[in-house]
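> What follows is a single structure, and I will ask about it in a moment.
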Amino acid sequence: DTEVTQTPKHLVMGMTNKKSLKCEQHMGHRAMYWYKQKAKKPPELMFVYSYEKLSINESVPSRFSPECPNSSLLNLHLHALQPEDSALYLCASSQDWPGQGGNTGELFFGEGSRLTVL
Amino acid sequence: GEDVEQSLFLSVREGDSSVINCTYTDSSSTYLYWYKQEPGAGLQLLTYIFSNMDMKQDQRLTVLLNKKDKHLSLRIADTQTGDSAIYFCAETFQAGTALIFGKGTTLSVSS
C-alpha cells in the first residue's frame, strides 16, 4: 500500500463551522505534512509532524489546528475560517528526513481535500 | 528567504523534447526533486537527483544539475499529450525536514 488517503475530497463550510480534514497512510512513514495549495500556485508548507510530534508550524493561524493521533493518522481541525482559506489542502508523508539512513526524502502526496469557505 | 524560480509556461508539440528549468537557493540541499501535478490531483514524484551528481537519466527523463549556478533542468524526450501537467521543482529547507516547491511550470502538449 503506497497510498496517502485524504477525506473528504470536497468540503464546503461556513465561517462559523467546525470541521476536520483527515489523512491516513500505512507505509510506516514517520513524517507527515500538511500543505496548502491555492489555484495556479505551488504547495505551501503548513505543518510537519515527526514521530507523532509537531516539529514545524510555518506561522499558521490558530484557526487551523493539526493533530496526529497515531503514526498513521493526521488530522487538520478547522474553525472560524475565512473565505481566503479556500484552497486545496494536501497531506503528504515521507519515510524520514532526506539523507537520514540513505532516505531520499520523497514525499508521497494524497489527492487533497478541496475546501471552500463561504 | 527561500525562493525557487521556474518559468511559468511551456508549450510544445507532441514528439518534441521539453526542457523545464529551475533555479534554487539552498546549496546544502542533499536532493533536488521534480514533481508532476495533473489537474485535480496531488503531486507525484517524477525523479530526483542527488546533489553530488551532474546528470541523471530515467527513461524519457533527463535531469541536469549545475551546482555552481544552482540550476536544475528536466528534459522530457518524445513529449506526449499525457505529459501535459504542472511540473514543480523542489528542494529541502528547514534543515532538510521539509520541501519547498518552485512556482511550477505548466506544460501544454499539442498533437
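> Modelling each spin label as a point 7 Å along the Cα-to-Cβ direction, I'd like the residue A:38/residue A:65 distance in nm, to one decimal.
A separation of 2.6 nm, rounded to one decimal place.
> Output needed: percent of Cα pairs per 5 Å distance bin for the range A:16-61, bins running from 0 to the one holding the longest distance.
It works out to 5, 16, 22, 25, 20, 10, 2, 0, in whole percents.
> Chain B: percent of C-alpha pairs farther apart than 20 Å?
36 percent
> Place +1 on the Cβ of every Lys and Arg and -1 on the Cβ of every Asp and Glu in chain A, take the dipole about the Cα centre, and give the residue among A:56, A:81, A:109 whose Cα lies farthest towards its positive end.
A:81
> Same structure, new question: List the trypsin sites (Lys or Arg not before Pro) in the range B:39-111 that DSSP assigns to loop (not H, G, I, E or B) and whose Cβ has at most 15 other Cβ atoms within 10 Å. Which are they?
Counting only loop positions with at most 15 other Cβ atoms within 10 Å, the trypsin sites (Lys or Arg not before Pro) in the range B:39-111 are B:60, B:67, B:68.
> Kindly state, to the nearest 0.05, the FRET efficiency for residue A:27 paired with residue A:114, given R0 = 22 Å and r defined as their beta-carbon distance. It would help to have the intermediate numbers written out before the result.
Values: r = 24 Å, r/R0 = 1.08.
Result of the calculation: an efficiency of 0.40.
> If you don't mind, another one. How large is the convex hull of the Cα atoms of the range A:50-106 per residue, expressed in Å³ as a whole number?
In the range A:50-106, the Cα hull volume divided by residue count equals 102 Å³.
> Enumerate the amide H contacts of residue B:98 below 5 Å, restricted to partners 5 or more residues apart or on another chain; note that Pro and chain-start residues carry no placed amide H.
When sequence neighbours closer than 5 places are left aside, the close amide H contacts are B:93.
> Another one. Within 10 Å of each Cβ in peptide B:92-103, how many partner chain Cβ atoms are there on average? Round it to a whole number, please.
6
> Only loop residues by DSSP count here, and only those with at most 11 other Cβ atoms within 10 Å; note down the GluC sites (Glu not before Pro) in the range A:69-118 that meet that. Mind showing how you got there, number by number?
On the way: sites: A:84, A:106, A:111; in loops: A:106, A:111.
Sparse-neighbourhood loop GluC sites (Glu not before Pro): none present.
> Here are some pairs, A:22/B:67; A:18/B:103; A:38/B:68; A:9/B:56; A:19/A:41; which of them have Cα atoms lying more than 29 Å apart in this structure?
Distance filter (> 29 Å) returns A:22/B:67; A:18/B:103; A:38/B:68; A:9/B:56.
> Once the Cα gyration tensor of the protein assembly as shown is diagonalised, what are the square roots of 5 times its eigenvalues, in whole Å and ordered largest first, as equivalent ellipsoid semi-axes?
Working: eigenvalues 178, 87, 48 Å².
Semi-axis lengths for the protein assembly as shown are 30, 21, 15 Å.
> Against the empirical 2.2 N^0.38 Å scaling, what ratio does the C-alpha Rg of the range B:47-99 come to?
Values: Rg = 12.7 Å, N = 53, 2.2 N^0.38 = 9.9 Å.
Against the empirical 2.2 N^0.38 Å value, I get 1.27 for the range B:47-99.
Readers should treat all values here as calculations from the given coordinates under stated rules, not as data from a laboratory. Being a predicted model, the structure only gives us computed values, none of them experimental. Don't worry about glycine lacking a Cβ; one is built from the backbone with ideal geometry, like all the others, and counts go over all protein chains shown.
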